[in-house]
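Presented below is the structure to which this report refers.
The values are calculated or read from the model by the stated rules, or taken from the named source; none is laboratory data. Small disclaimer: the values here were computed from a predicted structure and weren't measured. Counting neighbours? That spans all protein chains shown, and the Cβs are built from the backbone with ideal geometry, glycine included.
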Amino acid sequence: MPYDFDSIIDRSATNSVKWGYRQRLCGREDVLPLWVADMDFAAAPEIQAAVLERAAHPVYGYPLRQDGFFEALMGWSRRRYGWELKRDWLCYAPGVVPAVNAAVLAYTKPGDKVVIQGPVYHPFRAAALNNGRRLVDNSLALGPEGYRMDLAALERAIDPRTKLLILCNPHNPVGRVWTREELSALAELCARRGLIVLSDEIHADIVMPGRRHVPFASVSADAAARSITCLAVSKTFNLAGLCAANVVIPDRRLREDYEAMSESLALNVTNVFGVAAQEAAYTHGEAWLEELLSYVAGNYARLAKALAGGPVRVMPLEGSYLAWLDCRALGFDDEALKAFFLDRAKLWLDEGLKFGPQGSGFMRLNLACPRATLDEAIARLAAALAGR
């Protein structure tokens, strides 16, 4: 069954952060928003039907997660990642960011150190600093072949107060899908130095052709025993507004600590529509996802071809629908670069500095849009580059 990713859907009257607040958030109404990780595609018809069916019942009280909810998630993990989950490993969160904050509070004390690997999703940094923890920013290494984890630098940075490492797998914003070998090496280091690993795998299903997502917890029994894995339908199926995520914790002690913290923060109340949407997505959404992946890969190829040989380099994309643009050859500082995209190209992207100092000179562009929208963005950028 073919799905429609080409239609342009007007989201301006839907309280969309991406589309409805351009004047408030970036000061212009005429910019094309390709920033936040939010698709401009209609949800899969099966998900729409499940939400509408649940909405047809007029009582929206506290829901339970029933057998079908868990079986759908476990079946999805088995099929897509080759990772066998047990039901008692599965915890709930209203989103991955709340889960990250709960884990920081559960597994570290004020003054303890939390490792991130910048440039990386900015709420990781906030989760450490806003909760009174100290940050260790172990930068990814950027070479001719792209980004890699710098495990030698990580080993040097660890001391007795270093307790938790937050892994982004696949990595946002640089688009790496970490290999089993890379994850195994990281797991061995963390075992040797006693670190717990919180693995954000929210982009697990958005992998480009020839790539396969490897859950960190699946690489060894020891990795499973020291890991907390965050999964969600929010990026895969564009359901962030339904506030539902899963936290997979194989180790009983770690799981009890997380659940106690989650309860103390009142994060354990399930969203009635999120439950229905997740079960439908993991049960019936695979065909839609396969077409989405092909469409996003086509958008990436289109962008890369359009910008090839110019001063804006499109970095290799292995996972996620977020293109990482190396704009350093333009010669702008970061404020001037942001102004160039907003004022001259009239494109609202995520500036690289949002992801840490390692993002200086970069911008992030959302590819999960109709092709006509991407073509308009390419045309705007080409005109701005020609006139600079």
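Looking at this structure, is residue 328 of a type in the set (Lys, Arg) and touching a Gly at 6+ places or on another chain (Cβ under 8 Å)? Spell out how you get there, then give the answer.
Numbers: of a type in the set (Lys, Arg): yes; touching a Gly at 6+ places or on another chain (Cβ under 8 Å): yes.
So residue 328 fits the description; yes.
Exactly one residue among 177, 114, 120 is more than 22 Å from residue 364 (Cβ to Cβ) and not in a helix (DSSP H, G or I), and that residue is 114. Within region 87-146, being surrounded by 17 or more Cβ atoms within 10 Å (Cβ to Cβ), small (Gly, Ala, Ser) and more than 19 Å from residue 264 (Cα to Cα) holds for 118, 139.
Looking for something in contact with a helix residue (DSSP H, G or I) (Cβ under 9 Å, 6 or more places away or on another chain), over 30 Å from residue 46 (Cβ atoms) and not in a helix (DSSP H, G or I) - is there at least one such residue anywhere in region 304-311? Within region 304-311 (the criterion being in contact with a helix residue (DSSP H, G or I) (Cβ under 9 Å, 6 or more places away or on another chain), over 30 Å from residue 46 (Cβ atoms) and not in a helix (DSSP H, G or I)), the answer is yes, since at least one residue qualifies. Within region 199-240, the set of residues being closer than 18 Å to residue 86 by Cα and part of a helix (DSSP H, G or I) comprises 216, 217, 218, 221, 222, 223, 224, 225.
Residues are listed down the side, and each one gets a yes or a no for (1) assigned to a helix (DSSP H, G or I); (2) surrounded by fewer than 21 Cβ atoms within 10 Å (Cβ to Cβ); (3) in contact with a strand residue (DSSP E or B) (Cβ under 7 Å, 6 or more places away or on another chain):
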site: 268; (1), (2), (3): no, yes, yes
site: 280; (1), (2), (3): yes, no, no
site: 302; (1), (2), (3): yes, yes, no
site: 363; (1), (2), (3): no, no, yes
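A Cβ distance below 7 Å, combined with a sequence gap of six or more or placement on separate chains, defines the contacts here; from region 301-325, residues that are modelled with pLDDT of 95 or more reach residues that are of a type in the set (S, T, N, Q) in the pairs 320/172; 321/366; 322/172; 322/366.
Looking only at region 123-137, how many residues end up being in contact with a strand residue (DSSP E or B) (Cβ under 7 Å, 6 or more places away or on another chain) and part of a loop (DSSP other than H, G, I, E, B)? So that I can check it myself, show each step before the final result.
The initial filter retains those residues of region 123-137 that are in contact with a strand residue (DSSP E or B) (Cβ under 7 Å, 6 or more places away or on another chain), namely 124-125, 128-129, 133-137.
Imposing the further condition that a residue be part of a loop (DSSP other than H, G, I, E, B) reduces the set to 133.
Here the count works out to 1.
Report yes if some residue within region 20-30 is in contact with a helix residue (DSSP H, G or I) (Cβ under 9 Å, 6 or more places away or on another chain), modelled with pLDDT of 95 or more and aliphatic (A, V, I, L, M); otherwise report no. Break it down stepwise before answering.
Initial filter on region 20-30 (in contact with a helix residue (DSSP H, G or I) (Cβ under 9 Å, 6 or more places away or on another chain)): 25-30.
Checking which are modelled with pLDDT of 95 or more leaves us with none.
Among the residues of region 20-30, not one is in contact with a helix residue (DSSP H, G or I) (Cβ under 9 Å, 6 or more places away or on another chain), modelled with pLDDT of 95 or more and aliphatic (A, V, I, L, M), which makes the answer no.
Considering region 138-161, the residues that are in a loop (DSSP other than H, G, I, E, B) and among the acidic types (Asp, Glu) include one that is nearest to residue 315 (Cα to Cα), namely 145. Of the residues in region 105-114, at least one is within 28 Å of residue 252 (Cβ to Cβ), small (Gly, Ala, Ser) and touching an Asp or Glu at 6+ places or on another chain (Cβ under 9 Å). Residues in region 48-76 that are touching a residue at least 60 places away in the same chain (Cβ under 8 Å) and either more than 23 Å from residue 286 (Cα to Cα) or of a type in the set (Phe, Trp, Tyr) (or both): 55, 60, 61, 62, 63, 64, 69, 76. Filtering 388, 380 for residues that are out of contact with any Pro (no Cβ under 7 Å at 6 or more places or on another chain), surrounded by fewer than 18 Cβ atoms within 10 Å (Cβ to Cβ) and assigned to a loop (DSSP other than H, G, I, E, B) leaves a single hit, 388. Could you list, ordered by first residue, the pairs with Cβ atoms under 9 Å in which the first is in region 145-161 and assigned by TED's automatic domain parsing to the domain that holds residue 112 and the second is modelled with pLDDT under 95, at least 6 apart or interchain? From residues that are assigned by TED's automatic domain parsing to the domain that holds residue 112, there are no pairs.
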